1. Among the numbered conditions (1) part of a helix (DSSP H, G or I); (2) free of Cβ contacts under 8 Å to residues at least 12 places away in the same chain, tell me where residue 113 comes up short.
2. Quickly run through segment 140-173 and pick out the residues that are closer than 23 Å to residue 78 by Cα, within 15 Å of the chain's Cα centre (by Cα) and free of Cβ contacts under 8 Å to residues at least 40 places away in the same chain.
3. What number of residues within segment 1-50 are surrounded by fewer than 19 Cβ atoms within 10 Å (Cβ to Cβ), β-branched (Val, Ile, Thr) and outside any helix (DSSP H, G or I)?
4. Quick check on this structure: which one of 8, 52, 90, 24 is closer than 20 Å to residue 125 by Cβ and among the aromatic types (Phe, Trp, Tyr)?
5. Does segment 180-197 contain any residue that is modelled with pLDDT under 95, of a type in the set (Val, Ile, Thr) and in a loop (DSSP other than H, G, I, E, B)?
6. Show the residue pairs that are 6+ apart or on different chains and have beta-carbon atoms under 6 Å apart, the first residue being within segment 83-102 and in a helix (DSSP H, G or I), the second being open to solvent by 40 Å² or more (accessible area, probe 1.4 Å) and at pLDDT 95 or above.
Amino acid sequence: MTNEILWFAALFINFAFILFFYRFLGKTGLFIWIPISVILANIEVLKTVEIFGFTNTLGNIIYATSFLVTDILSENHSKKEASKAVFAGFLSLAAMTILMNIAIRFTPAESDFASEHLSAIFSVMPRIALASLAAFLLSEYHDIWAYSFWKKKYSEKKYIWIRNNASTMVSQLIDSAVFTLIAFAGVFDTKTLVEIFLTTYIMKWIVAVFDTPCVYIAESWYRKGKILA
């Protein structure tokens, strides 16, 4: 199976999980998804792949879904609830980084087979986590503010696509720029750095376009009382 097919499969599987979490767990499900997306994205981002002929980092899809989650919370609940979800993601990533960096410092037993692999992943996590935390906070809080701004200007339900995309696409530009500079400056040459930034943003932009129907679906379920929690 090619990387491109896997990418689109992962895209729709992520959307399905978010809608499933929301339908059966309500806003609590969305609060759960934010830490999942942030933690897994920071592990996946360590792997670079070729997609559509460009070098790209994994983790873009699942990380970008955090913007979908805050948009659903902003649309159906409140700006305050969306902000709480972002703070939960921030605390989760910080806790994971600290706890795993303590874990890899334990001396492994002779029978251990995982320590070397865990160290390879989590020993570089502090820099990745710092980049992610900075990018996450700046971009997500901008996204919440921007969604509220556009919702006031285009309050009708038919304009969900405007507030969803107008807020997310600028926020993801902020996120991609901050994360790429902090995480990879000095690690890759300038050409690769620019390529990672551009492809990362383009991939997140594609996710933003495809996730718009999910906001409409979530809004419809909430308005019709179909959210089970």
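1. So residue 113 meets the others, but not (1).
2. Matches in segment 140-173: 142, 169, 170.
3. 3
4. 90
5. Within segment 180-197, one or more residues are modelled with pLDDT under 95, of a type in the set (Val, Ile, Thr) and in a loop (DSSP other than H, G, I, E, B).
6. That search, which allows pairs on different chains as well, returns 85/31; 88/31.
The values are calculated or read from the model by the stated rules, or taken from the named source; none is laboratory data. Note that the coordinates shown come from a computational prediction; the quantities given were computed from them, not determined experimentally. Glycine gets a Cβ as well: all are built from the backbone with ideal geometry, and neighbour counts include every protein chain shown. Ligands, DNA and RNA are excluded from the accessible area calculation, which covers all protein heavy atoms including side chains. Shrake-Rupley method; radii C 1.70, N 1.55, O 1.52, S 1.80 Å.
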